[in-house]
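Here's the structure we're looking at; comments come further down.
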Amino acid sequence: MKEILARYLPSNAVHPITELIKLNGVHLKIVNERVTRHGDYRRMPDGSQQITINSNLNPYRFLITTVHEIAHLIAFEKYGRGIKPHGQEWKFCFRNLMLPFIRPEIFPESLLPVIANHFRNPKASSDTDAKLSIALKSFDQENDKNYIFEIPTGSLFRIYNGKKFKKGQRRVKRYECLEIESGKIYLFQPNAEVELLKT
């Protein structure tokens with residue numbers, strides 16, 4: 001297990017994550033990229049606990065995602081299955097599990113204040129915290145994607161499923177974008193990754 005995790009995690013996080021996985025009886029599966037999620041937790045029909053994490057995540061996002069999913073398991077075990085998946089109980093567990101990792105031996109100095117701020121009130125996904133998402137993306141491999149907030153208003157772009165949109169105005173935190181085919185308006189987070197189309 002340690003040898004496999006060493007390929008995906010910051011080196012100083014490998015031992016504590018291995019111990020967390022053993023302690024909680026987790027079956028960890030590292031899977032091909034899923035566009036809509038970084039990881040997930042489920043209790044299997046035989047009662048075993050399974051966590052899947054995308055293989056393409058950078059080490060820091062891989063660590064946060066793994067702890068996020070283990071926090072689901074612990075919250076459900078401790079407070080019962082009736083709790084909200086990303087409610088106060090999960091936030092409490094996630095914060096407590098992450099605290100020992102928020103240090104310079106594990107995360108780069110540039111990420112520490114952003115991560116510390118995020119964990120004051122963790123979101124259901126690190127992607128919904130635009131500042132954290134952008135900070136983490138700087139450690140990803142280069143790709144041809146842009147963030148919505150980076151492209152000019154009126155630009156045409158494509159998302160992961162092939163649908164095309166025109167970027168509109170910002171409404172409070174999110175951008176109104178017109179789907180070309182249907183004429184419907186959709187709201188996009190500023191840190192949504194899209195492919196800019198040449199017009």
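The values are calculated or read from the model by the stated rules, or taken from the named source; none is laboratory data. As the structure is a prediction and not an experimental result, all values here were calculated from the model. When we count neighbours, we look across all protein chains shown, and the Cβ atoms used for this are built from the backbone with ideal geometry, even at glycine.
For region 23-35, check the following and say yes or no: at least one residue is within 16 Å of the chain's Cα centre (by Cα) and closer than 19 Å to ALA124 by Cβ.
Yes, region 23-35 contains a residue that is within 16 Å of the chain's Cα centre (by Cα) and closer than 19 Å to ALA124 by Cβ.
Any idea which of (1) touching a helix residue (DSSP H, G or I) at 6+ places or on another chain (Cβ under 7 Å); (2) aromatic (Phe, Trp, Tyr); (3) at pLDDT 95 or above is the one PHE62 doesn't satisfy?
It is condition (1) that PHE62 fails.
Taking the stated definitions as given, is SER126 within 21 Å of THR36 (Cα to Cα), in contact (Cβ under 8 Å) with a residue 40 or more places away in the chain and either surrounded by fewer than 18 Cβ atoms within 10 Å (Cβ to Cβ) or within 19 Å of the chain's Cα centre (by Cα) (or both)?
For SER126, the condition - within 21 Å of THR36 (Cα to Cα), in contact (Cβ under 8 Å) with a residue 40 or more places away in the chain and either surrounded by fewer than 18 Cβ atoms within 10 Å (Cβ to Cβ) or within 19 Å of the chain's Cα centre (by Cα) (or both) - is met.
Sort through LEU136, LEU99, LEU132 and tell me the only one that's of a type outside the set (Asp, Glu), part of a helix (DSSP H, G or I) and in contact (Cβ under 8 Å) with a residue 60 or more places away in the chain.
On the way: LEU99 fails: in contact (Cβ under 8 Å) with a residue 60 or more places away in the chain; LEU132 fails: in contact (Cβ under 8 Å) with a residue 60 or more places away in the chain.
Checking each option against the conditions leaves just LEU136.
Just the residues that are β-branched (Val, Ile, Thr) and crowded, with 17+ Cβ neighbours inside 10 Å, please, taken from region 154-199.
Across region 154-199, the qualifying residues are ILE159, VAL194.
Going by the conditions given, is PRO104 under 30 Å from ILE159 (Cβ atoms), outside any helix (DSSP H, G or I) and in the same structural domain as LEU132 (by TED's automatic domain parsing)?
Numbers: under 30 Å from ILE159 (Cβ atoms): no; outside any helix (DSSP H, G or I): yes; in the same structural domain as LEU132 (by TED's automatic domain parsing): yes.
So PRO104 fails the test.
Pairs needed: first member in region 174-199, outside the structural domain of ALA130 (by TED's automatic domain parsing) and in contact (Cβ under 8 Å) with a residue 60 or more places away in the chain; second member anywhere, surrounded by 12 or more Cβ atoms within 10 Å (Cβ to Cβ) and of a type in the set (S, T, N, Q); C-beta distance under 8 Å; at least 6 residues apart or different chains.
Listed pairs, sorted by first residue: GLN189/THR128; ASN191/SER133.
So, in region 148-172, how many residues would count as being within 23 Å of ARG37 (Cα to Cα) and in contact with a strand residue (DSSP E or B) (Cβ under 9 Å, 6 or more places away or on another chain)?
Number of matching residues: 10.
How do the pairs read when you match residues in region 41-52 that are touching a residue at least 24 places away in the same chain (Cβ under 8 Å) with residues anywhere that are in a loop (DSSP other than H, G, I, E, B) and loosely packed, with under 14 Cβ neighbours inside 10 Å, using Cβ under 8 Å and keeping only pairs 6 or more apart or on different chains?
The qualifying pairs are GLN49/ASN24; GLN49/GLY25; GLN50/MET44.
Is it the case that region 23-39 has a residue that's assigned to a loop (DSSP other than H, G, I, E, B) and buried (at least 19 other Cβ atoms within 10 Å of the Cβ)?
Yes: one or more hits.
Residues being out of contact with any Pro (no Cβ under 9 Å at 6 or more places or on another chain) and either touching a residue at least 60 places away in the same chain (Cβ under 8 Å) or assigned to a helix (DSSP H, G or I) (or both): count how many of those fall in region 77-96.
Result for region 77-96: 8.
Taking GLY168, is it over 20 Å from the mean Cα position of the chain (by Cα), small (Gly, Ala, Ser) and either modelled with pLDDT under 90 or not in a strand (DSSP E or B) (or both)?
no
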